[in-house]
1. How many residues are of a type in the set (Gly, Ala, Ser) and not in a strand (DSSP E or B) when one looks only at the stretch 141-164?
2. Have a look at Tyr130, Tyr135 and point out the one that is outside any loop (DSSP other than H, G, I, E, B), over 26 Å from the mean Cα position of the chain (by Cα) and not β-branched (Val, Ile, Thr).
3. Just one of Leu127, Leu89 is surrounded by 17 or more Cβ atoms within 10 Å (Cβ to Cβ), in contact (Cβ under 8 Å) with a residue 12 or more places away in the chain and aliphatic (A, V, I, L, M); which is it?
4. Restricting the stretch 108-120 to residues that are more than 20 Å from Ile175 (Cβ to Cβ) and in contact (Cβ under 8 Å) with a residue 60 or more places away in the chain, which is surrounded by the fewest Cβ atoms within 10 Å (Cβ to Cβ)?
5. What residue, of Thr140, Thr157, is more than 30 Å from Gly72 (Cα to Cα), of a type in the set (Val, Ile, Thr) and crowded, with 19+ Cβ neighbours inside 10 Å?
6. Which numbered condition in (1) within 34 Å of the chain's Cα centre (by Cα); (2) of a type in the set (A, V, I, L, M); (3) within 20 Å of Ser106 (Cα to Cα) is the only one that Leu177 fails?
7. Go through Lys202, Lys225 for me and flag whichever is closer than 24 Å to Glu70 by Cα, touching a Ser or Thr at 6+ places or on another chain (Cβ under 8 Å) and outside the structural domain of Asn134 (by TED's automatic domain parsing).
8. Filter the stretch 58-86 for residues that are of a type in the set (Ser, Thr, Tyr), under 19 Å from Lys219 (Cα atoms) and more than 14 Å from the chain's Cα centre (by Cα); which is surrounded by the most Cβ atoms within 10 Å (Cβ to Cβ)?
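The values are calculated or read from the model by the stated rules, or taken from the named source; none is laboratory data. Every value quoted in this text rests on a predicted model; they were computed, and no experiment measured them. Ideal geometry is used to build each Cβ from the backbone, glycine not excepted, and the neighbour counts take in all protein chains shown.
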Amino acid sequence: METINLKGQNVIKYLLYIVIVFSSNCMFCQKQIVGRYSSLMPNQEYYNYFDFNANGTFEYHSGASLGDDEFGKGHYEIDKDSLILNYDLTEVQYDSYYKSQRYFNSKDSIKIIFNAYNFDNTPIHKLQIYSYPNYNSTITDFDGKAMLSFKKEKLNTKIEIHIEGEFLVKQVICIDLSANYIFNVYMNSSVIIGFGHPRAIKDEIKKYGLLEFRDNSLKLNHNGKIIELVKQSK
C-alpha cells in the first residue's frame, strides 16, 4: 500500500511539473498581440503606447496634450522569447521648403522679400518671420507677402531667417548679409502646434526580450531596461 502511495505521489509531482513547463512555454507560444499597450497610466498629459493588430502590424505613438512627439508604424513578430518590431510602414511627411533668387547692388542695405504659400499655393496670412542673432521680425500680409531689411555686411556674414506659424512645419534659412534675396516659401501643415512634424521612426528594427506575455500585460527587456506594458482601452 505504501508503495502504491509513493507511486501516486510521484505521478502527481510529474503531472504538476508538466503543467508548469507547459504553462511557461505557452506564455510565448502565442503569435499575436491585439490591443493597446502602454507603459503609462491612462488619462495623463503625456502618453506612450503601442497599438497591436491581429494582422501582425502595429503603431507606436508618444507625446502629450499638444499631439505626437514621436511615432512609427510597422510589422511585429514574436520569435520564441523575443518581440521584434520592424518600423517598415511609417509614412514620412514632407517638410516645408523654399525657392530662392539672389541679386547684388551697391546700396548700403539689403532687402529680403518673402512670398509665402501653403502646399496648395494659397497665400498664408500672419506667418511669423524673424532673424537670428540680430533680431528683426515681420509677418506676412493677406497676400502672403513680407519684407525684412538689414544693413549690408561683408561677404560671408551669415544670419538665420526663421519662418513659422501655427500648425505649420517651421523652416530655417541661412542667408548672407551681402546679398538681396527673394524667397518663395512653401509651408506644409503639421498635426501639432509645435515647430515641425513629429519624429518619425522608419527603417529600424527593435528587438525586445519577452519576459512575460499575459492577456493584459507585457514585460519586456530592452538593453537591460525592464519595460512593463499594460493593456488599455482605446
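1. 1
2. Criteria check complete, one pass: Tyr130.
3. Within the list Leu127, Leu89, the selection yields Leu127.
4. Among those residues, the one meeting the criterion is Phe119.
5. On inspection, the qualifying residue turns out to be Thr140.
6. (1)
7. On inspection, the qualifying residue turns out to be Lys202.
8. Tyr76
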